[in-house]
Structure formats: C-alpha cells, structure tokens
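Here is the structure we will look at.
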Amino acid sequence: MQLETKRLILREPKIKDWKDIVEGIGDYDVAKMMVSVPYPYAKKDALWFIKLKIKELKKKEPNAYLFFIELKSEKKVIGAIEVFKIDRFHGTGETGSWINKKYWRNGYITEAKIALNDFAFNKIKLRRLDSPIFKDNIASNATQIKMGYVLEGVMRKVHRSKATGKIHDINMYGLLKEDWKKKRISLIKE
Ligand SMILES: CC(C)(COP(=O)(O)OP(=O)(O)OC[C@H]1O[C@@H](n2cnc3c(N)ncnc32)[C@H](O)[C@@H]1OP(=O)(O)O)[C@@H](O)C(=O)NCCC(=O)NCCS
C-alpha cells in the first residue's frame, strides 16, 4: 500500500528505515508529545516498532495502517502517519502522526494528512476519524483545526507520556467524512 503526494511518498515501513526513525522520534521535542514513545529511543525500539507494524500490515484486514513519510527529494523518512484502532462495524478509526523536527513547518503533515484522510474515508470506507491531542501540544492542535477536525471535548488527566511521565489533559477532535469532503476542497486550493 503506497500513497503519493507532490513532495512525499507514504509507504510501508522497512527494516532499513530504523536510522531515520531513531533520528526523528528520538528527538525529545517529538517524543514528549507522544503517548507511547520511550525516551531515549534506541535502535532496538525502532526495530521492535517496525517489525510490529510490518506484521500488522500483513493481516487480511489490518486494524492499523502505518505509513512512513518519505521525502522524495532526499529519499529519507521524515515522519510517520497512521490510522489505527480501526473498527469496520462502526466505521471509525484514530489518527496519529509525527514529523522529524528538522522538517517542521514546511506543510509536510498537512500534505500527508490530506492523503491519509482520503485513504481512510475512500479506501477503508470509514465515516469518522478521532484524534486525541495533548491539550498543551500547540502544533498538533493547530494542525487538527487546519484539517477541519472539530474539538468535541476535553478529557482530564487521561494520558501519560512515556517519554516524560507527565500526565496530560486531552483535546478530543473528530472529523466526519462529510466535513472532510468540504474541507478538502479549500485545503487543495491553498
Ligand atoms: C504536529 C506536527 C506533526 C506538525 O507537523 P508539520 O509538518 O510541522 O506541520 P505543518 O507544517 O503541516 O503545519 C500544519 C499547521 O499547523 C501549524 N503549526 C505547525 N507547527 C506549529 C507551531 N509550532 N505553532 C503553531 N502552529 C503550528 C502551521 O502553522 C500549519 O497551519 P498554517 O498552514 O495555517 O500556518 C509536528 O509539529 C510534530 O511532529 N510534533 C511532535 C509530535 C506530535 O506532536 N505529534 C502529534 C501527536 S498526536
């Protein structure tokens, strides 16, 4: 399974990517905003994660589709994006993502999310995506709002970051397929 955008290839994880993953997610500023990323992050952590995700993708009906985000111009993995906790009966799934800090604020996650949302709604036929974000994660909250997600509520002291041990309030965002159809048009025009 591979998705392509102007500057990016969203593709399946490969063992050889471990160095790029350690570089990207091993950065404290990335790890501290994630729930289950250890810090410091070692080669063995990356290999365990990559093998787990390759195994999941081999299933007939995966519960999670993880894509590594490869920057075409550098042939380097600069991030990852995932739709997971897929429930085909309810038509729902959750999304998560990160970008290597060196590549922040270039519109890469916006570009990747457009492709992922299209994939989730049109290929997996989901009708709703959930996105729980630490309340104090300024960049990720901004990203959800830009993509048309609606803030539906706040859950207090619900998630702990593995990297920091800190407990966070969570902003709960939701995106419906019909909202995405409208939002997509304005995002593509930008
Ligand atoms: C959140 C993250 C993925 C954003 O990636 P990115 O490629 O830098 O995002 P983009 O360049 O596509 O920006 C998307 C929008 O968010 C806004 N944004 C991004 N970083 C921001 C920041 N630090 N402060 C305020 N707004 C920010 C951008 O301005 C942009 O909106 P605009 O185009 O209207 O200006 C990245 O900051 C990251 O990896 N953070 C650490 C891990 C993380 O938080 N993951 C999500 C956890 S659920």
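Quick notes
- Flag if PHE49 is within 16 Å of the chain's Cα centre (by Cα), part of a helix (DSSP H, G or I), among the aromatic types (Phe, Trp, Tyr) and at pLDDT 95 or above: yes
- Counted residues, the stretch 74-116 - those being small (Gly, Ala, Ser), touching a residue at least 12 places away in the same chain (Cβ under 8 Å) and surrounded by fewer than 18 Cβ atoms within 10 Å (Cβ to Cβ): 1
- Subset of the stretch 173-190 [within 12 Å of the ligand (Cβ to nearest atom) and within 24 Å of ARG127 (Cα to Cα)]: TYR173, SER186, LEU187
- Test: residue in the stretch 37-45 that is under 21 Å from ILE114 (Cα atoms), out of contact with any Phe, Trp or Tyr (no Cβ under 8 Å at 6 or more places or on another chain), among the aromatic types (Phe, Trp, Tyr) and surrounded by 15 or more Cβ atoms within 10 Å (Cβ to Cβ): no
- Note on the stretch 145-165: residues that are farther than 22 Å from ILE78 by Cβ and in a helix (DSSP H, G or I) total 1.
- Extreme residue, farthest from the chain's Cα centre (by Cα), among residues of the stretch 15-46 that are part of a helix (DSSP H, G or I) and under 24 Å from VAL158 (Cα atoms): TYR28
- Residue count for the stretch 117-144, restricted to those that are in contact (Cβ under 8 Å) with a residue 12 or more places away in the chain, within 12 Å of the ligand (Cβ to nearest atom) and either assigned to a helix (DSSP H, G or I) or of a type in the set (S, T, N, Q) (or both): 7
- Options GLU4, GLU56, GLU61, GLU12: the member that is closer than 26 Å to LEU126 by Cβ, of a type in the set (Asp, Glu) and within 15 Å of the chain's Cα centre (by Cα): GLU12
- Checked against (1) within 22 Å of SER186 (Cα to Cα); (2) surrounded by fewer than 14 Cβ atoms within 10 Å (Cβ to Cβ), LEU126 passes all but a single condition, namely (2).
- The residues on offer are ILE54, ILE50, and the sole one that is surrounded by fewer than 20 Cβ atoms within 10 Å (Cβ to Cβ) and touching a Pro at 6+ places or on another chain (Cβ under 9 Å) is ILE54.
- Residues considered: ILE69, ILE109. Of these, the only one that is β-branched (Val, Ile, Thr), in a strand (DSSP E or B) and within 11 Å of the ligand (Cβ to nearest atom) is ILE69.
- Unique match (being at pLDDT 95 or above, surrounded by 13 or more Cβ atoms within 10 Å (Cβ to Cβ) and not polar (S, T, N, Q)) among ILE15, ILE9: ILE9
The values are calculated or read from the model by the stated rules, or taken from the named source; none is laboratory data. Just so you know, these numbers come straight off a predicted model, no measurement behind them. Don't worry about glycine lacking a Cβ; one is built from the backbone with ideal geometry, like all the others, and counts go over all protein chains shown.
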